[in-house]
Amino acid sequence: MKAFTFIAAAVTLLAFAAPASAQFAKPEDAIKYRQSALSVMGTHFGRVGAMANGRVPFDAKVASDNTEIVATMAKLPWAGFGPGTEGGANTKAKPEIWTEQAKFKENSDKLVAETAKLAAAAKTGNLDALKTAFASTAGTCKACHDAYRDK
Ligand code: ASC
């Protein structure tokens, strides 16, 4: 029990002391994490898009549930772009992410803000509000991909 308490305290201390860049054991873990978060976000954003674009019938509850997931996921990938995670295998991330960190952060902050607005729009149950917010959010996805993701 004593040893457990000691280890628990040590782990807690480490967690608080560790810089953001040390949240992952290996750079590949950070890359996998950010790709997974972006993939989950894209899946749920796609479901919203299908309704916004009339490919599937609009269901306010489904739209709202999916936009909540999108808004939560939008906060996650950025921790996986820390120092030392550039240039891994199987990544389309451009070097500019690390040479223009302030600009990249502006883009990620914008996505977090846009997806929060998207979730708020979905909550109204109004399809036109959802369409407007979806288009705006998709534009934010695209602008960042154009600037920071290899083809
Ligand atoms: C999606 C998805 C993206 C964005 C982007 C918007 O559904 O997976 O990456 O929309 O295509 O332009």
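Each reported figure results from applying straightforward, stated rules to the coordinates on display, with no laboratory input. Note that the coordinates shown come from a computational prediction; the quantities given were computed from them, not determined experimentally. So basically every Cβ, Gly included, is an ideal-geometry build from the backbone, and we count neighbours across all protein chains shown.
Starting from the 7 Å offset along Cα-to-Cβ, what nm value, one decimal, do you get for the label separation of residue 129 and residue 89?
Modelled inter-label distance: 4.9 nm.
Given points 7 Å out from each Cα along the Cα-Cβ axis, report the residue 113 to residue 76 separation in nanometres with one decimal.
Each label point is offset 7 Å from its Cα along the Cβ direction, giving 2.4 nm.
At q = 0.11, 0.17, 0.25 Å⁻¹, what log₁₀ I(q)/I(0) does a Debye calculation on the Cα points of segment 31-122 give, no solvent, two decimals?
Computed log10 I(q)/I(0) values: -0.36, -0.76, -1.21.
Show me, for segment 86-99, the HN-Hα J-couplings you get by feeding each phi into the Karplus relation (A = 6.51, B = -1.76, C = 1.60, θ = phi - 60°), rounded to Hz, glycine and proline as x.
With coefficients 6.51, -1.76 and 1.60, one gets 7, x, x, 6, 6, 9, 9, 5, 7, x, 4, 4, 9, 8 Hz.
For the chain, what is the mean residue ellipticity at 222 nm derived from helices alone (per DSSP H run of n ≥ 4: -39500 (n - 2.57); sum divided by total residues; nearest 500 deg cm²/dmol)? Intermediate results must be reported in sequence, preceding the final value.
Details: 6 runs with 106 residues, N = 151.
That calculation yields -23500 deg cm²/dmol at 222 nm.
In degrees between 0 and 90, to the nearest 10, how far off the longest principal axis of the chain does helix 2-17 point, with axes built from Cα atoms?
The two axes meet at around 60 degrees.
Convert each backbone phi in segment 130-145 into a coupling constant with the Karplus relation 6.51 cos²θ - 1.76 cosθ + 1.60 (shift: θ = phi - 60°), then list the ³J(HN,Hα) values in order as whole Hz, x for Gly and Pro.
5, 4, 4, 5, 5, 4, 5, 5, 4, x, 5, 4, 5, 4, 6, 5
Using Cα pairs under 8 angstrom and six or more residues apart, how large is the relative contact order of the chain, in percent? Please report the intermediate quantities before stating the final value.
Details: 141 pairs, mean separation 40.0, N = 151.
After rounding, I find 26 percent.
Expressed in nm to one decimal, what extension gain is obtained for the pair residue 56 and residue 102 from 0.36 nm per residue of sequence separation less their Cα-Cα distance?
On the way: separation 46, 0.36 × 46 = 16.56 nm, distance 3.83 nm.
Length difference between fully extended and current span is 12.7 nm.
Using a basic spin-label model with each label point 7 Å from the Cα along Cα→Cβ, how many nm lie between residue 25 and residue 145?
3.3 nm
Would you work out which of 41, 111, 57 lies farthest towards the positive end of the dipole of the chain? Charges go on Cβ: Lys and Arg +1, Asp and Glu -1.
Value: 57.
Treat every Asp and Glu Cβ in the chain as -1 and every Lys and Arg Cβ as +1, leave all other atoms uncharged, and give the resulting dipole magnitude about the Cα centre to the nearest 20 debye.
160 debye
What residues qualify as long-range amide H neighbours of residue 93, i.e. H under 5 Å apart, gap of 5 or more or another chain, H built at 1.01 Å from N?
Excluding prolines and chain starts, which carry no amide H, the hits are 150.
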